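Structure first, then comments.
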Amino acid sequence: MAVTTDTTLVAAEPAPIDVDLTSTALLIIDMQRDFMEPGGFGETLGNDVSQLARAVAPIAALLAAARGNGMTVIHTREGHLPDLSDAPPAKIERGAPSLRIGDPGPMGRVLIRGEAGHDIIPELYPVEGEIVIDKPGKGAFYATTLGADLKAREIDTLLVCGVTTEVCVNTTVREANDRGYRCIVIADGCASYFPEFHEMGLKMIKAQGGIFGWVTDSAVVIDAINNSESAVGTFNRIAAGASR
Ligand code: TIU
């Protein structure tokens, strides 16, 4: 089968970007109960977790559009093995949290794989066929298979959203940028415990001609996905019995 590609011009800052949706993946960073809900890692650090709720609806809408298009969808989760062998002492001992990584809390052991708090929130739960990357660090490339997964799928552009803007989203975008990926960060699909860090985190990405990437809103990308005639989208519409 001849696979055709088409590109869509997506409005973004600092400039519009031409996107081929067949080589683009949606990358959702750490939308876990440990960051989003009371009693988890985020709150143990002294944060107001309600600040992050605003990112959920835009991500859910973008996820629905990506699924409808057949786009590669990748979810990440920050967390550690039960024996903490992948958690550096410098991370465990950092600061003065109310509970440390691995301590028992209301959602199980804090930031430990397999515990309730480590799981992705129900609104954005992965479905069959989507990639879930477990990462021990803030960046999604460090000590994970993400680079190999993207290479295997010939992905060159990432739609990045999730939490928190200045920590795991920024770290991942910087890692991706150095590896040659074009990152389009979804402003309303990101959030921080600190609104001013969210704002500056986005500014840092798009400054200097887009030193780390591009920034746009979920509605812009959803519109681009829904109006695309990408090979993936066309294939899905045919598979679903649509006339085109
Ligand atoms: N503390 C904070 O803002 N973030 C993290 O620790 N991890 C992520 O951003 N996922």
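Quick look at the values:
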{"item": "Subset tally (residues that are part of a loop (DSSP other than H, G, I, E, B) and either in contact with a Lys or Arg (Cβ under 8 Å, 6 or more places away or on another chain) or surrounded by fewer than 21 Cβ atoms within 10 Å (Cβ to Cβ) (or both)) for the range 188-212", "result": "3"}
{"item": "Residue among 94, 33, 54, 113 that is of a type in the set (D, E, K, R) and touching a helix residue (DSSP H, G or I) at 6+ places or on another chain (Cβ under 8 Å)", "result": "33"}
{"item": "Only listed residue being small (Gly, Ala, Ser), within 16 Å of the ligand (Cβ to nearest atom), surrounded by 15 or more Cβ atoms within 10 Å (Cβ to Cβ) and in a loop (DSSP other than H, G, I, E, B), chosen from 102, 117", "result": "102"}
{"item": "Qualifying residue in the range 131-143 (condition: away from the ligand (no atom under 14 Å from the Cβ), closer than 17 Å to residue 35 by Cα and touching a Gly at 6+ places or on another chain (Cβ under 7 Å))", "result": "no"}
{"item": "Residue, nearest to residue 156 (Cα to Cα), within the range 72-89, restricted to residues that are in contact with a helix residue (DSSP H, G or I) (Cβ under 8 Å, 6 or more places away or on another chain) and assigned to a loop (DSSP other than H, G, I, E, B)", "result": "79"}
{"item": "Residue among 185, 215 that is more than 20 Å from residue 133 (Cβ to Cβ), more than 13 Å from the ligand (Cβ to nearest atom), at pLDDT 95 or above and assigned to a strand (DSSP E or B)", "result": "215"}
{"item": "Elements of type strands (runs of 3 or more DSSP E) contained in the range 1-71, each with 2 or more residues being surrounded by 23 or more Cβ atoms within 10 Å (Cβ to Cβ) and at pLDDT 95 or above", "result": "24-29"}
{"item": "All positions within the range 134-154 that are surrounded by 20 or more Cβ atoms within 10 Å (Cβ to Cβ) and under 14 Å from residue 73 (Cβ atoms)", "result": "140, 146, 150"}
{"item": "Pairs where the first residue, in the range 27-55, is closer than 23 Å to residue 133 by Cα and among the polar types (S, T, N, Q) and the second is more than 12 Å from the ligand (Cβ to nearest atom) and in a helix (DSSP H, G or I), C-beta under 9 Å, 6+ apart", "result": "32/117"}
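The values are calculated or read from the model by the stated rules, or taken from the named source; none is laboratory data. Source: prediction; values computed, not measured. Positions of Cβ are generated from backbone atoms using ideal geometry, with glycine treated the same way; all protein chains shown enter the neighbour counts.
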